[in-house]
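One structure is given below, encoded as structure tokens.
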Amino acid sequence: MNDSTNLKLVSRADWGEADGKKVYLYTLTNKNGMVVTITNYGGVVTSWTMPDKNNNKGNIVLGFNELKGYQAPPPYFGALIGRYGNRIANGKFTLDGKEYKLATNNDKNHLHGGNKGFDKVVWDATPSTDSSALTLNYLSKDGEEGYPGNLKVTVKYTLTDNDELRIVYDAETDKATPVNLTNHSYFNLTGDVSNNILNHSLSIDADRYTPVDKTLIPTGELKAVSGTPFDFKTSKLIGTDIGKVPGGYDHNFVLNGTSGSMRKVAVLSDSTSGRQLTVFTTEPGLQFYSGNFLDGKLQTSDGKSINKHTGLCLETQHFPDSPNKPAFPSTILKPGEKYHTETTYAVAVVK
Ligand code: BGC
């Protein structure tokens, strides 16, 4: 039936103001009653509500229900990350013979785009003409956080009727620049931050990972996961080997298969709730971060402390510090080229 009077639109609520611009909260819904809320502040996915195996609804991502939570110093809950996801060593890189200095906001390194990354800016938002999608645009000006070139970025979120959140990232520049965009959602499939994620099972389709130094910069080696705590080739509980990884998991996995083509790269599941998350991406890497720096200081809107390991990130990306690692897949976007990556987070209930 094509009855336009029944057409459901993306709803929009006022959510405050930042940088003199209006901030809104948009609600995407699908035919199964799944609900994802996204704000144009930082392009943050603030909640994703889905049923569990007993049909009880719960929010599977960490977030706040007020703008001010996101304006405070970051754990980057749900945010779009750019211009460069993860770290660049010493906040420096050389491109075409010129050295660029970036903001150093993580000790001596640059992290997630700097002091005011794409997670802290107000994006222009265009909802679709049905309830399913939101397109966000941002112009990152030449010199922002030290990066060269005006970078025009478009990110489109779509909630499909197959219970997938598709994220399509596009960008163009007028000067060569590193670009590495991702989304920083923290998942907790139990829907309750009183539970940590150590009893979630995870598989990652990666034979290798990029070991890091003490400041979490890759050493450059692509190391086999076999026989190490990083072996997630077959599903295992996150808690199984986490004690053998100092600090917890915060590592980039070198995904198998052809980068540039969409493929299934990870499956996360929680047997108590029956909820399952499958990640598909065109990217060559995946940062598995087990929420090691969450320390109980932040609280959810219902007053529960967000403790260590109460959420985990599966950030699809190019490898950290690629601008200083010529052997890693290139992250340099040149004028005339089109940056295009896609990631889909698909959820299901397994009974
Ligand atoms: C990084 C962590 C960092 C976290 C910020 C992750 O992507 O790999 O080291 O602490 O983001 O919340």
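The values are calculated or read from the model by the stated rules, or taken from the named source; none is laboratory data. Because the structure is a prediction, the values reported are computed rather than measured. With ideal geometry, Cβ positions are generated from the backbone for all residues, glycine too; neighbour counts draw on all protein chains shown.
Confirm whether residue 88 is within 16 Å of the ligand (Cβ to nearest atom) and either at pLDDT 95 or above or of a type in the set (Asp, Glu) (or both). Here the answer is yes, as residue 88 does meet what is asked. Residue 254 meets each of the listed conditions (1) within 12 Å of the ligand (Cβ to nearest atom); (2) under 25 Å from residue 231 (Cβ atoms) apart from (1).
Every test in (1) in contact with a Lys or Arg (Cβ under 6 Å, 6 or more places away or on another chain); (2) surrounded by 16 or more Cβ atoms within 10 Å (Cβ to Cβ) is passed by residue 284 save one, and that test is (1). Total residues in region 321-332 satisfying the condition of being of a type in the set (S, T, N, Q) and either within 13 Å of the ligand (Cβ to nearest atom) or in a loop (DSSP other than H, G, I, E, B) (or both): the figure is 2.
Which of the numbered conditions does residue 135 fail, given that it passes all the others? Conditions: (1) touching a residue at least 40 places away in the same chain (Cβ under 8 Å); (2) more than 24 Å from residue 276 (Cα to Cα); (3) in a strand (DSSP E or B); (4) out of contact with any helix residue (DSSP H, G or I) (no Cβ under 8 Å at 6 or more places or on another chain). Of everything listed in (1) touching a residue at least 40 places away in the same chain (Cβ under 8 Å); (2) more than 24 Å from residue 276 (Cα to Cα); (3) in a strand (DSSP E or B); (4) out of contact with any helix residue (DSSP H, G or I) (no Cβ under 8 Å at 6 or more places or on another chain), residue 135 misses just condition (1).
Looking only at residues in region 103-140 that are small (Gly, Ala, Ser) and in contact with a Leu (Cβ under 8 Å, 6 or more places away or on another chain), the one that is nearest to the ligand (Cβ to nearest atom) is 114. Please work out if residue 318 is within 14 Å of the ligand (Cβ to nearest atom) and in contact with a Gly (Cβ under 8 Å, 6 or more places away or on another chain). Here the answer is yes, as residue 318 does meet what is asked.
Considering region 191-258, the qualifying strands (runs of 3 or more DSSP E), each wholly inside and each with 2 or more residues that are surrounded by 15 or more Cβ atoms within 10 Å (Cβ to Cβ), of a type in the set (A, V, I, L, M, F, W, C) and within 21 Å of the chain's Cα centre (by Cα), run over 201-204, 250-255. Can you find even one residue in region 150-159 that is within 16 Å of the ligand (Cβ to nearest atom) and either of a type outside the set (A, V, I, L, M) or more than 30 Å from residue 19 (Cβ to Cβ) (or both)? Among the residues of region 150-159, not one is within 16 Å of the ligand (Cβ to nearest atom) and either of a type outside the set (A, V, I, L, M) or more than 30 Å from residue 19 (Cβ to Cβ) (or both), which makes the answer no.
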